[in-house]
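*Asks:* Take this structure first; my questions come after.
The values are calculated or read from the model by the stated rules, or taken from the named source; none is laboratory data. It should be emphasised that the depicted structure is a prediction, and the values quoted were computed from it without experimental measurement. Methodologically, a virtual Cβ is constructed for each residue, glycine included, from the backbone with ideal geometry; neighbour enumeration extends over all protein chains shown.
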Amino acid sequence: MQPQKDFHSDIAVTGSPASAPERAVKLSARGLSRYYGETVALDRVDLDVHEGEFLTLLGPSGSGKTTLLQTICGLNKPSRGQLFIDGKDHTWTQPEKRGIGVVFQNYALFPHLTVSENIAYPLKVRGMAPREITQRTGRALETVGLGHAGNRFPNELSGGQQQRVALARCLVYDPSIILMDEPLSALDRKLREQMQMEIKRIHRETDTTIIFVTHDQEEALALSERICLMRDGRIVQLGTPREMYESPKSAFVADFIGISNIFEGEVSDAGLSCSDGTLPLPDAHESGSKGYLVLRPETMELTTDGPIGGTVTDTIYAGAETRLLVTTGSGKEVILRHRAGPAPRIGAPVRLGWDRNAAQFLTRAV
Ligand SMILES: Nc1ncnc2c1ncn2[C@@H]1O[C@H](COP(=O)(O)OP(=O)(O)OP(=O)(O)O)[C@@H](O)[C@H]1O
């Protein structure tokens with residue numbers, strides 16, 4: 001498996017607690033499945049989301065994230081299984097009776113209504129008293145930092161501000177759960193990062209349970225208390241960003257979360273035999289078993305007698321470190337971070353070593 005992450009990207013694992021939050025369960029999925037003919041979009045999903053938690057559904061395209069989100073809010077009906085909110089079975093409850101707010105990527109504001117009118121619209125339709133509408137609208141606008149922009153029209157706002165209006169339109173109901181389906185993917189990188197901070201702040205201040213869908217692992221690491229990584233309609237691992245990064249259960253998880261250099265091979269008495277030689281393993285394993293040695297870039301270094309040989313094929317200066325791309329003898333691309341001394345030039349032959357205690361040996365592919 002080759003590293004497919006952006007060589008230029010930075011991975012920051014936020015300081016989340018080391019274990020799942022000890023809070024009441026807000027929402028539970030039990031054996032949730034959704035079939036479309038032969039396609040299994042969701043496959044017996046069991047999931048508990050805690051009160052006030054920020055949980056991200058992460059996974060490649062087609063892994064079932066949107067289907068799970070839609071099943072939770074009631075826009076999609078499960079083929080099997082149950083959904084509980086606050087301990088009550090809501091599998092077949094109408095979407096508007098679930099107390100769930102939804103924010104989509106496509107924020108779809110009414111262009112001919114002002115920001116305040118956009119936010120007030122659904123409350124008006126439901127016949128709420130004008131005074132309460134004004135109060136709620138004002139509060140929601142303040143929460144998203146747009147108290148000054150109530151009289152503007154959507155086309156007078158930036159993409160980030162429009163997404164905040166969409167968020168305010170959701171907050172105005174005081175939902176106890178908010179679902180967000182790739183809400184930031186239409187924004188450019190800088191705006192997206194600003195909005196991530198904003199969403200984190202709103203989460204802290206309102207203590208709402210948030211389930212956030214993204215296929216961007218950096219966004220998941222930056223935002224979430226826990227990440228639920230999906231593939232082929234199943235949950236492959238659920239944990240804090242740190243658990244997912246430091247203790248992946250399979251090569252798929254190690255490859256998806258952060259940058260990994262993964263060597264696949266067979267265990268022999270001397271280590272892992274692979275196309276780049278025999279590599280030492282962090283612990284003992286039965287000879288003949290197959291598996292994956294996972295080496296994170298920050299645990300690798302250039303050493304004169306390292307077990308892997310290769311050639312530097314790219315270097316990127318990034319302040320405190322230089323990122324090196326090394327192509328090994330077998331043609332595999334390895335990323336590492338070089339901190340001490342001048343970086344080698346492109347084309348230089350190098351040998352790679354690593355901190356053996358920080359290496360991981362995984363036997364599962366998925
Ligand atoms: N209405 C539908 N009819 C048939 N198949 C569907 C339908 N909706 C989703 N699927 C299939 O179900 C699977 C899961 O789709 P889903 O949209 O939930 O994935 P996703 O993880 O949200 O993907 P993406 O990141 O691309 O949005 C995919 O194989 C998809 O093709």
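*Asks:* Output the number of the condition that Gly310 fails; it satisfies all remaining conditions of (1) in a strand (DSSP E or B); (2) out of contact with any Gly (no Cβ under 6 Å at 6 or more places or on another chain); (3) small (Gly, Ala, Ser); (4) within 22 Å of Tyr245 (Cα to Cα).
*Replies:* (4)
*Asks:* Residues to consider are Ala108, Ala140, Ala129; find the one that is surrounded by 14 or more Cβ atoms within 10 Å (Cβ to Cβ) and either closer than 23 Å to Arg189 by Cα or assigned by TED's automatic domain parsing to the domain that holds Pro175 (or both). Please lay out each step first, then the result.
*Replies:* Numbers: Ala108 fails: surrounded by 14 or more Cβ atoms within 10 Å (Cβ to Cβ); Ala129 fails: surrounded by 14 or more Cβ atoms within 10 Å (Cβ to Cβ).
Going through Ala108, Ala140, Ala129 in turn, the sole match is Ala140.
*Asks:* Mind listing just one residue for me: the one in region 91-112 that is under 24 Å from the mean Cα position of the chain (by Cα) and polar (S, T, N, Q) and, of those, farthest from Arg152 (Cα to Cα)?
*Replies:* Gln105
*Asks:* Looking for something at pLDDT 90 or above, away from the ligand (no atom under 16 Å from the Cβ), polar (S, T, N, Q) and under 30 Å from Arg34 (Cα atoms) - is there at least one such residue anywhere in region 190-212?
*Replies:* Yes, region 190-212 has at least one match.
*Asks:* Would you be able to tell me the number of residues in region 317-341 that are assigned to a strand (DSSP E or B) and surrounded by 15 or more Cβ atoms within 10 Å (Cβ to Cβ)? If you could, list the steps in order and put the result at the bottom.
*Replies:* Within region 317-341, the subset assigned to a strand (DSSP E or B) is 317-318, 321-328, 333-338.
Pick out the ones that are also surrounded by 15 or more Cβ atoms within 10 Å (Cβ to Cβ) and you get 321-326, 328, 333-338.
Final tally of qualifying residues: 13.
*Asks:* Restricting attention to region 22-67, and to residues there that are farther than 23 Å from Ala222 by Cα and in a loop (DSSP other than H, G, I, E, B), which single residue is nearest to the ligand (Cβ to nearest atom)?
*Replies:* Checked region 22-67; the qualifying residue nearest to the ligand (Cβ to nearest atom) is Gly37.
*Asks:* Can you give me the number of residues within region 241-258 that are among the aliphatic types (A, V, I, L, M) and more than 12 Å from the chain's Cα centre (by Cα)?
*Replies:* From region 241-258, those among the aliphatic types (A, V, I, L, M) are 244, 251, 253-254, 257; that's our starting set.
Pick out the ones that are also more than 12 Å from the chain's Cα centre (by Cα) and you get 251, 254.
Matching residues across region 241-258 total 2.
*Asks:* Please state which one of Gly64, Gly87 is surrounded by fewer than 16 Cβ atoms within 10 Å (Cβ to Cβ), in the same structural domain as Cys228 (by TED's automatic domain parsing) and touching a residue at least 60 places away in the same chain (Cβ under 8 Å). Before the answer, list the steps.
*Replies:* Working: Gly64 fails: surrounded by fewer than 16 Cβ atoms within 10 Å (Cβ to Cβ).
It is Gly87.
*Asks:* For Leu302, are the conditions met, namely being among the aliphatic types (A, V, I, L, M) and modelled with pLDDT of 95 or more? Quick ask: steps written out before the conclusion?
*Replies:* Details: among the aliphatic types (A, V, I, L, M): yes; modelled with pLDDT of 95 or more: no.
So Leu302 fails the test.
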